[in-house]
Amino acid sequence: MARYLLAIDQGTTSTRAMVFDHEGRVMALAQQEHRQIYPQPGWVEHDPLEIWERTQAVVRQAVARAGVVPADIAAIGVTNQRETTIVWDRRTGRPYYNAIVWQDTRTAAICDQLARDGGPDRFRDRTGLPLATYFSGPKLKWILDQVPGVREAAERGDALFGTVDTWLIWWLTGGPDGGVHVTDVTNASRTLLMDLRRLDWDDEILRLLGIPRRMLPAIHPSVAPAAYGATRPDGPVGAAVPVCADLGDQQAALVGQTCFEPGEAKNTYGTGCFLLLNTGATPVFSRSGLITTVAYKMGDQPAVYALEGSIAVAGALVQWLRDNLGLIARSADVEALAGSVEDNGGVYFVPAFSGLFAPHWDGSARGLIIGLTRFANRGHLARAALEATAFQTREVVDAMYRDSGLRLTALRVDGGMVVNELLMQFQADILGVPVVRPAVTETTALGAAYAAGLAAGVWEEPARLRQYWQEARRWTPRLALNSS
Ligand SMILES: Nc1ncnc2c1ncn2[C@@H]1O[C@H](COP(=O)(O)OP(=O)(O)O)[C@@H](O)[C@H]1O
Ligand SMILES: O=P(O)(O)OC[C@H](O)CO
């Protein structure tokens with residue numbers, strides 16, 4: 001009997017494939033980065049075909065490294081950077097344009113125009129989201145309006161839209177040769193085009209944005225016992241394996257951290273930083289600048305919702321110190337540099353490279369470094385960069401408290417930055433609650449594997465998965481700060 005689970009985690013900076021066993025243990029990992037394309041200030045693109053190539057490569061490597069035969073893989077779960085928008089030709093698989101990445105701000109004028117006509121919160125009631133450049137709908141409108149021939153192709157039925165999950169599942173299940181065109185409720189909830197309660201595309205918003213419905217994927221549960229489709233045996237997996245889970249990466253991390261009860265929360269520190277609070281079967285609408293999103297939907301069961309604080313720039317600021325300023329050679333070096341000074345020396349960063357997301361939603365904001373004196377050195381800049389992530393998280397935690405009345409007792413964390421001891425300790429200090437890291441920090445891939453295993457019957461119910469969550473590290477606050 002097939003015993004292993006394959007998770008594909010297509011993130012902003014890299015693509016990972018991981019094989020897990022039926023107790024959630026990591027068997028193998030393969031990872032490859034892809035190019036970040038910055039054609040103009042504020043624009044961020046990826047090459048969709050490069051992402052598909054990287055995905056194929058890491059899947060082949062992970063399956064080989066795990067030493068399992070492909071037929072022993074019970075199910076595949078896909079998880080992805082959310083909102084990033086791709087439009088391609090169903091006849092050839094050729095993208096009409098590069099993927100427009102979630103951080104890209106080119107749709108500011110579209111959002112401003114829509115807000116002038118009905119206010120920045122005109123779709124919040126139906127979609128859970130403010131009008132912002134972050135979401136897919138305005139990006140799709142930009143492609144339809146700006147790239148010659150795409151609107152006609154969409155109306156003919158030749159052009160398909162998808163977020164990265166949709167793009168990968170289409171290729172995995174056959175591409176131009178019968179690939180399925182699907183997404184899940186979590187990814188669809190990031191488009192600004194889905195009605196959050198009905199879990200279906202909203203025809204009025206589609207009309208206002210001029211988006212032909214026929215180019216949109218079918219919306220499915222995140223855990224799909226019937227599977228969206230099977231992989232092509234001649235593809236990278238090497239067998240016909242059901243693809244039966246699909247979740248946005250932050251929702252997958254919530255599942256990977258086993259936050260299945262209302263009131264449970266996690267914060268993922270990657271390129272950006274995303275705090276999600278499970279609010280149960282009813283969507284909670286924020287008055288404090290958070291967004292309302294689908295956390296997951298398991299088969300026929302009702303959807304579970306979350307409040308989310310999205311921070312656009314966290315690890316991306318460390319990358320910027322490395323790539324744009326040359327202050328460090330590797331991301332990990334930021335810790336030693338920040339540790340070379342006692343404190344921030346009065347220096348603060350506001351990394352509004354993509355405007356500011358939660359809780360401000362100010363698309364016109366741009367980055368700042370303030371508090372510079374002759375005293376400030378490279379160490380102070382590094383320290384201020386790390387502190388910016390912790391301060392932004394504090395703002396989001398405060399907003400979450402205002403919205404839900406829920407005071408955190410501890411914060412579960414994961415993502416690429418949580419190896420940074422200095423940051424994690426400062427985060428505990430600035431929040432005034434313990435910060436807790438689990439043994440498996442690859443919670444995004446783990447969540448996709450859990451979802452696939454639940455769909456395939458490897459585990460009967462989510463509660464079973466709690467036994468695998470293990471605390472590996474805890475930072476307790478050293479400063480007495482209030483969290484409201
Ligand atoms: N030791 C470290 N300290 C601070 N930031 C780090 C460290 N190691 C990696 N990072 C940052 O973490 C991010 C990568 O995390 P990851 O979870 O893989 O991101 P994503 O899923 O967004 O691609 C990068 O932005 C990198 O700069
Ligand atoms: O790929 P990550 O981990 O940077 O996550 C990106 C988010 O999904 C954007 O909403």
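Of all the residues in segment 1-32, those that are among the charged types (D, E, K, R) and modelled with pLDDT under 95 number 4. Looking at 406, 481, 386, just one residue is farther than 28 Å from residue 298 by Cβ and modelled with pLDDT under 95, and that residue is 481. Looking only at residues in segment 398-439 that are within 13 Å of ligand 1 (Cβ to nearest atom) and of a type in the set (A, V, I, L, M), the one that is surrounded by the fewest Cβ atoms within 10 Å (Cβ to Cβ) is 419. In a residue-by-residue description of segment 49-57, the property of being more than 21 Å from the chain's Cα centre (by Cα), modelled with pLDDT of 95 or more and open to solvent by 10 Å² or more (accessible area, probe 1.4 Å) applies to at least one position. Taking the criterion of being away from ligand 2 (no atom under 16 Å from the Cβ), under 16 Å from residue 445 (Cα atoms) and among the charged types (D, E, K, R), no residue of segment 61-86 qualifies. Scanning segment 268-287 for residues that are open to solvent by less than 30 Å² (accessible area, probe 1.4 Å) and either within 12 Å of ligand 1 (Cβ to nearest atom) or without any contact (Cβ under 8 Å) to a residue 60 or more places away in the chain (or both) turns up 268, 269, 270, 271, 272, 273, 274, 276, 278, 280. Selection over segment 203-258 of residues that are in a strand (DSSP E or B), touching a helix residue (DSSP H, G or I) at 6+ places or on another chain (Cβ under 9 Å), of a type in the set (A, V, I, L, M) and free of Cβ contacts under 8 Å to residues at least 40 places away in the same chain gives a count of 1.
Among 147, 164, 182, which is more than 16 Å from ligand 1 (Cβ to nearest atom), farther than 20 Å from residue 111 by Cα and among the aliphatic types (A, V, I, L, M)? The conditions single out 182. Residue 271: of a type in the set (Ser, Thr, Tyr), within 16 Å of ligand 2 (Cβ to nearest atom) and not in a strand (DSSP E or B), yes or no? Answer is yes for this residue. Only a single criterion out of (1) closer than 19 Å to residue 311 by Cβ; (2) open to solvent by 20 Å² or more (accessible area, probe 1.4 Å) is not satisfied by residue 466, namely (1).
Determine, yes or no, whether residue 372 is away from ligand 2 (no atom under 16 Å from the Cβ), touching a Phe, Trp or Tyr at 6+ places or on another chain (Cβ under 8 Å) and open to solvent by 20 Å² or more (accessible area, probe 1.4 Å). So residue 372 fails the test. Listed by first and then second residue, the pairs with beta-carbon distance under 9 Å, at least 6 apart or on different chains, first residue in segment 417-432 and touching a residue at least 60 places away in the same chain (Cβ under 8 Å), second among the aromatic types (Phe, Trp, Tyr), are 417/269; 418/269; 420/269; 421/475; 423/269.
Candidates are the residues of segment 440-465 that are modelled with pLDDT under 95, more than 16 Å from ligand 2 (Cβ to nearest atom) and of a type outside the set (A, V, I, L, M, F, W, C); the one that is nearest to residue 230 (Cα to Cα) is 457. Taking residue 316 as the residue in question, decide whether it is within 16 Å of ligand 1 (Cβ to nearest atom), open to solvent by 10 Å² or more (accessible area, probe 1.4 Å), within 30 Å of residue 382 (Cα to Cα) and of a type in the set (Gly, Ala, Ser). For residue 316, the condition - within 16 Å of ligand 1 (Cβ to nearest atom), open to solvent by 10 Å² or more (accessible area, probe 1.4 Å), within 30 Å of residue 382 (Cα to Cα) and of a type in the set (Gly, Ala, Ser) - is met.
Being open to solvent by 10 Å² or more (accessible area, probe 1.4 Å), in a loop (DSSP other than H, G, I, E, B), within 13 Å of ligand 2 (Cβ to nearest atom) and in contact with a strand residue (DSSP E or B) (Cβ under 9 Å, 6 or more places away or on another chain) is true of residue 103. Of all residues in segment 106-128, those that are assigned to a loop (DSSP other than H, G, I, E, B) and within 30 Å of residue 50 (Cα to Cα) total 2.
The values are calculated or read from the model by the stated rules, or taken from the named source; none is laboratory data. Predicted model only: the values in this text are computed from it and were never measured. In this analysis, Cβ positions are derived from the backbone assuming ideal geometry, glycine residues included, and neighbour counts consider all displayed protein chains. These area figures cover heavy atoms from the full protein model, side chains too; ligands, DNA and RNA do not enter into them. Shrake-Rupley method; radii C 1.70, N 1.55, O 1.52, S 1.80 Å.
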